[in-house]
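The values are calculated or read from the model by the stated rules, or taken from the named source; none is laboratory data. Quick caveat, the model's predicted, so the values are computed rather than measured. Cβ placement follows ideal geometry from the backbone for every residue including glycine, while neighbour counts extend to all protein chains displayed.
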Ligand SMILES: C[S@@+](CC[C@H](N)C(=O)[O-])C[C@H]1O[C@@H](n2cnc3c(N)ncnc32)[C@H](O)[C@@H]1O
């Protein structure tokens, strides 16, 4: 299944993130009004309950989540993987110890390499969602877990205001903060077309996971999808 981006523009996705890499973290904090911290905290707390020894943070970007996972799971090996080298350089500066240049559509890891795979705001950017989920299933051990964190849309009265922010305010603000308006211009469109709720849990289960569940956060502007490898 093609995601909002086609295979042909994997290269442009990588270049787009290379362009925003130096100011990515600042933009994240401002544009999410600091809520990004609470979303990562949720992921870290859930991961800690599984007591994993090998964790992959896929599409790790600037490595914020990988760093926090490592802090909270001191007995675990935490690997951050991303296909954008300038983003990984930011992660390196943050002292994320284990970093790998890797494409989520063809992961350079053996089957069942990880107890837990996390992916925050990365899956939506991958050219083929089913292939990316398939790679996550292949590299998660049986009985292991995944958490996918990504933007979604709130339901109810918040929706029109949120859409206005997403399509009109955010791209302008982000363009000003990063000097790179293009990624944020289609952020909104990619969120609109990314599968949500039961559509997403069905795709996760088709990939080989079981007990997939959606947990809306911050009124539904973000959803955490949790599942176990069957
Ligand atoms: C919005 S950033 C998220 C970074 C980080 N996970 C976070 O929560 O801040 C998306 C990241 O996904 C990475 N990415 C997109 N497609 C990818 C792919 N096919 N393989 C690996 N990384 C990918 C990008 O390079 C970028 O660093």
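When you scan region 89-102, how many residues do you find that are within 9 Å of the ligand (Cβ to nearest atom) and part of a strand (DSSP E or B)? Total satisfying the criteria: 1. Of the residues making up region 64-88, those that are within 11 Å of the ligand (Cβ to nearest atom), surrounded by 16 or more Cβ atoms within 10 Å (Cβ to Cβ) and over 14 Å from residue 40 (Cβ atoms) are 81, 82, 83, 84, 86, 87, 88. Quick one: which of 175, 143 is surrounded by fewer than 21 Cβ atoms within 10 Å (Cβ to Cβ) and touching a residue at least 60 places away in the same chain (Cβ under 8 Å)? Of the residues listed, the single one that is surrounded by fewer than 21 Cβ atoms within 10 Å (Cβ to Cβ) and touching a residue at least 60 places away in the same chain (Cβ under 8 Å) is 143.
Okay, residues lined up against (1) modelled with pLDDT of 95 or more; (2) out of contact with any strand residue (DSSP E or B) (no Cβ under 8 Å at 6 or more places or on another chain); (3) buried (at least 16 other Cβ atoms within 10 Å of the Cβ):
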position	(1), (2), (3)
185	no, yes, no
189	no, yes, no
197	yes, no, no
203	yes, yes, yes
211	yes, no, no
214	yes, no, yes
226	yes, no, yes
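Note on region 116-181: enclosed helices (runs of 4 or more DSSP H) holding 1 or more residues that are within 13 Å of the ligand (Cβ to nearest atom) are 129-139, 170-178. Scanning region 103-115 for residues that are in contact with a helix residue (DSSP H, G or I) (Cβ under 7 Å, 6 or more places away or on another chain), more than 12 Å from the ligand (Cβ to nearest atom) and touching a residue at least 40 places away in the same chain (Cβ under 8 Å) yields a count of 3.
Picking from residues in region 38-63 that are within 16 Å of residue 94 (Cβ to Cβ) and either within 8 Å of the ligand (Cβ to nearest atom) or at pLDDT below 95 (or both), the one that is surrounded by the most Cβ atoms within 10 Å (Cβ to Cβ) is 57. Scanning region 64-80 for residues that are outside any loop (DSSP other than H, G, I, E, B) and either modelled with pLDDT under 95 or under 22 Å from residue 38 (Cα atoms) (or both) gives 64, 65, 66, 67, 68, 69, 70, 71, 72, 78, 79, 80.
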